[in-house]
Amino acid sequence: MIGSYFKTSGRNLMRNKLFSAINIVGLAISMSVGLLLIAFVLDLRSYDRFNKNGERIYRITNVTTTKGEQGGKFGTTSIKTGKLIREKVIGIDRFAGAEVAIMRNDFSQDARVGSTVIPIKGYWADPSLFRIFTFPMLEGNPETALKDPYSIVLTETAAKKLFGNESAIGKAVRFDTLNYQVTGVMKDVPFFSHIKFEALVSLSTAEQLNRNDKNFEKWTSMWSNYVYLLLPENADVASIQSQLDAIAKEENLAEENTKIQLELLPLYKIVVGEELRRPMGPVGPHVPPIVLWILGGLALVVILSACFNYTNLSIARSMRRFKEVGLRKAVGAGKRQVQLQFLAEAIMISLASLLLAYFLFLVLRPQLINMAPEMQRTVKLDLTPSMVVAFIVFSVTVGVIAGFMPALFFSKVSAINALRNVSSVKVFQHLSLRRALVVIQYTVTLIFITATAVGYVQYKNILAFDLGFNTENILNINLQGNKPDAFLKELSEMPEVTALSRSMIITSVGNAWGGHMKYKDSRDSALVLTNNVDENYLSLHGYKLIAGGNFIARPTTSEAVSEVIVNQTFLKRFNIGNNDPEKAIGQEITFSNFKVNGRRMTIVGVMKDFHYGKVDNLIGPVAFMSWTPEDRAIINAKIQSTDMPATMAKIESTWKKIDRVHPFSAEFYDEAIEEAYSEFSAMIKIIGFLSFLAISIASMGLFGMVAFTTETRLKEISIRKVMGASSGNLVYLLSRGFLIQLSLSALIALPVTYLFFENVVLTNFPYHTPVQIVELFVGLLAVLLIAFILIGSQTMKAAKSNPAEILKSE
């Protein structure tokens, strides 16, 4: 019986080559998107699975509340938290098979071995890290490798860079003025690990280096540390959480402003889970679950579009299959046998589509990976045995979905009424199933295309948005720890460099720095975003001072900084001088952050509001303070050149004179802003790509439907021509139904897209531009043009046919 199903299906496919080709190609195109999504999800689910005890590993996260306002959820916590868990949480001890590991993420220095100098990035960590995570040691004892101060464990690649093929164990690596002893060499960190590093340095070293820092182990010093727990087998997670709550409650009693809540985060939910502030490393791999749901939904829509094609064409050809079904039933086949026949046929087409879809997957894979820098660091999309199984299961599932409606439809046909017209199948009173599917398919296609057009225009508007200062031709150069004076002197002698300044961070691209400020002796404090800049920064970037002037003092240490320039929103927040900029000059504020506490500063200038953060953030209080040699340095160079590549090569050559170790790291401001919105750009590219696929699939389906309709109405067309109908009348007659369906799709799709953007998407962008009518109709015009070409080509061919040839046998 099963062999009969496949034989009949194969013959039917070969007999209807055009429709079979449309179905196979349509399903292959849509399934390639499904394959990409499957590979993407499987890669994300592969993170940290190499750890033998991964299901028992948790990370401590912090939920902070400042002045009664929740400040956010952080992936970091304090060193004190880790030590308190060791001391107070019952069940977290080595005898129970549990561990606590503390890591600190600010180890980034140049390693020197003889004449070899390479930059090394890593973490400070304690020995228990190797008991929690499965990081195999090639040389050295994992139990003692991170025990003593000034001990370092290198990855295999880092060790080879520094020592070649020689053993690194026991040898010294110099960082700045200190020597560190190599006590271990471990295998390179797996790609699918959320922790990335080249070296681990004993945490006891950091404790020694910071022994005079009172804030190092403070309860609220939570910005640079990570605490991991390995729970005992069959541990009561709720009991451990309640003990964490008790620790937080006790420690918060001593804090006036900031309250911290500790939470357990399972290891496997770090990469695919809730988005946290300060993830592991500078850019930890992370994908919010909502992104997977969105991508999955979009892929499902494209796949369903191809399934609609299959259903439409199968039902459209129903008159040719009714005799076959009637004959099967006459010889004893039941509904189940008929359903299996059509499901087998759909699965055969789906499996044939899988082969083509896989080749499309290989073509599209590098395009997806290279779509954004984050993508390259997050996934590989390499073929694995589990992925092959997933692809086959997916293909069979698509076949079942595609064949479900035709199987259900044909199984209900009785042998007696085998020649009844398909138009008797209704969804609504006057709308056939085929027409309903066409309307749904084109509605979704129009939503895709219109969303792409609107999203692209909004994205371009964001990039061109007036930030309140100038970014054109400004090159930001990261000095990577070097002192700026020598490099500034070299740059100032270049005729292409017209202005120079120094800053600590680059604003408007998502970076943030700041602290709490209050006016005079008021108890009311607020978080204020800051940047440390020199006296040339405002003029180079074109900031508008509306009162006061630039910095007067030139402090050489952070403690000597006493002047501040604030924005208009700062005055409104603290009601300084009744929001009068002139009256604010000379007023005193107090600044505190994790480095300073209660520094008194004087307002010397008020600048017009500008966008410190991204444009999806409301403008808040901002303050600029004087840059000092103790601060991180970024040089801002204004470039004027007719040959920018040559100028960049010249600047890079100058950099190599100053620093031969670190690669030249510079980016134009406009490029940095574009990169800051790379996620938005990537989403538009994905939706645009899916729009192209959707319109391609829908067009193939429309072509098949038009071809079948004209083929079945050739006799009618010939009779009408004999009776005097013109070609124009015939084209209108044949295309009218399709155009009505497209018009109905447009009436649904355009308002839905408009409301979706205005009420959902753009509500996250307070400074967005309204959606324009032109943007909405671009997609509609594109779809109508394609439809006209497809419908017109087939109907004109039918309209020009010779009635004598068609009616000669009648």
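Values in this text are rule-based calculations from the coordinates and carry no lab data. Remember, predicted model here, so these are calculated numbers, not experimental data. In this analysis, Cβ positions are derived from the backbone assuming ideal geometry, glycine residues included, and neighbour counts consider all displayed protein chains.
General remarks:
- The gain in end-to-end length when the A96 to V63 segment is fully stretched comes to 9.0 nm, 0.36 nm per residue minus the alpha carbon separation.
- Working from Cα pairs under 8 Å separated by at least six residues, relative contact order for the stretch 54-269 is 35 percent.
- Under 16 Å from K520, Cα to Cα: lysines that are on another chain or at least 8 residues apart: K572, K583
- One decimal place: the segment D670-A464 gains 73.2 nm when fully extended, by the rule 0.36 nm per residue minus the C-alpha distance.
- Angle in degrees between helix 727-756 and the longest Cα principal axis of the chain, rounded to the nearest 10: 30
- Computed helical MRE - 222 nm, the chain, DSSP H runs ≥ 4 contributing -39500 (n - 2.57), nearest 500: -15500 deg cm²/dmol
- With R₀ fixed at 35 Å, the C-beta to C-beta distance from I740 to I294 puts the FRET efficiency at about 0.65.
- Packing-based ranking, highest mean first, of 162-168, 681-687, 182-188 given that Cβ atoms within 10 Å are counted: 182-188, 681-687, 162-168
- Cross-link table K214/K269; K161/K657; K249/K518, entries beyond 25 Å C-alpha to C-alpha: K214/K269; K249/K518
- For N567, the amide hydrogen comes within under 5 Å of the amide hydrogens of M607, V622, counting only partners 5 or more places away or on other chains and with H modelled in the peptide plane.
- For the chain, the relative contact order comes to 15 percent (Cα pairs under 8 Å, sequence separation of at least 6).
- Prolate/oblate/rounded call for the stretch 622-698, Cα gyration tensor, a/c under 1.5 rounded: prolate
- All aspartates and glutamates inside 15 Å of K797 as judged from Cα atoms, apart from same-chain residues fewer than 8 positions distant: E711, E716, E805
- Against the chain, whose longest principal axis is taken from its Cα atoms, helix 237-252 shows a tilt of about 40°.
- Among D48, D659, D213, the ranking by other beta carbons within 10 Å of each residue's beta carbon, starting with the fewest, stands as D213, D659, D48.
- Between T642 and L545, the C-beta separation translates, for a Förster distance of 25 Å, into a calculated FRET efficiency of about 0.20.
- With only Cα atoms counted, the stretch 568-657 has Rg and Dmax values of 18.8, 53 Å.
- Using equal-weight Cα scatterers in the Debye expression, the normalised intensity of the stretch 559-611 in log10 at q = 0.21, 0.22, 0.23 Å⁻¹ is -0.76, -0.81, -0.87.
- Distribution of pairwise C-alpha distances over the stretch 136-199, 10 Å bins, in %: 23, 54, 22, 1
- Spatially proximal aspartates and glutamates relative to K187 (Cα-Cα < 17 Å; intrachain offsets below 8 disregarded): D48, E139, E143, E156, E166, E198
- When the convex hull of its Cα atoms is viewed from all sides, the stretch 54-269 shows a mean projected area of 12.6 nm².
- ³J(HN,Hα) computed for each position of the stretch 440-457 - Karplus, 6.51 cos²θ - 1.76 cosθ + 1.60, integer Hz, glycine/proline x: 4, 4, 6, 5, 5, 4, 5, 4, 4, 5, 5, 4, 5, 5, 5, x, 5, 5
- Ranked by the mean number of other Cβ atoms within 10 Å of their residues, highest first, the peptides 563-569, 197-203, 474-480 fall in the order 197-203, 563-569, 474-480.
- Enclosing the Cα atoms of the chain in their convex hull gives a volume equal to 232 cubic angstrom per residue.
- Inter-label distance, nm, simple model (7 Å from Cα along the C-beta direction), L714/Q772: 4.9
- The charge dipole of the chain, taken about its Cα centre with unit charges on the Cβ of Lys, Arg, Asp and Glu (plus for the first two, minus for the last two), comes to roughly 4160 debye.
- Evaluated on the stretch 715-805, the Kirkwood hydrodynamic radius is 15.9 Å, with distances taken between all distinct Cα atoms.
- Between K73 and R277, the built amide H atoms are under 5 Å apart, and every one of these is 5 or more places off in sequence or on another chain.
- Flagged links, alpha-carbon separation over 24 Å, of K73/K196; K614/K656; K160/K483; K121/K171: K614/K656; K160/K483
- Cα centroid of the stretch 663-682 to Cα centroid of the stretch 474-500, whole Å: 20
- Taking amide H atoms as placed 1.01 Å from N in the peptide plane, the amide H of Q587 lies under 5 Å from those of I603, each 5 or more residues away in sequence or on another chain.
- Solution diffusion estimate, µm²/s, Stokes-Einstein, the stretch 497-639, Kirkwood Rh from C-alpha pairs, 25 °C, viscosity 0.890 mPa s: 161
- Annotation: extensible slack from S386 through I369 equals 4.1 nm (criterion: 0.36 nm per residue apart, minus Cα-Cα distance).
- Note on the stretch 739-789: percent of Cα-Cα distances in each 5 Å bin, starting at 0 and stopping at the bin with the largest distance, equals 4, 18, 25, 20, 14, 10, 6, 2, 0.
- R0 of 51 Å, Cβ-Cβ distance T144-A436: FRET efficiency to nearest 0.05: 0.10
- Between helix 79-88 and the chain there is an angle of about 90 degrees, using the helix long axis and the longest principal axis of the Cα atoms.
- Calculated on the alpha-carbon coordinates, the convex hull of the stretch 120-245 measures out at 133 cubic angstrom per residue.
- Listed from fewest to most Cβ neighbours within 10 Å, the set T258, T220 follows the order T258, T220.
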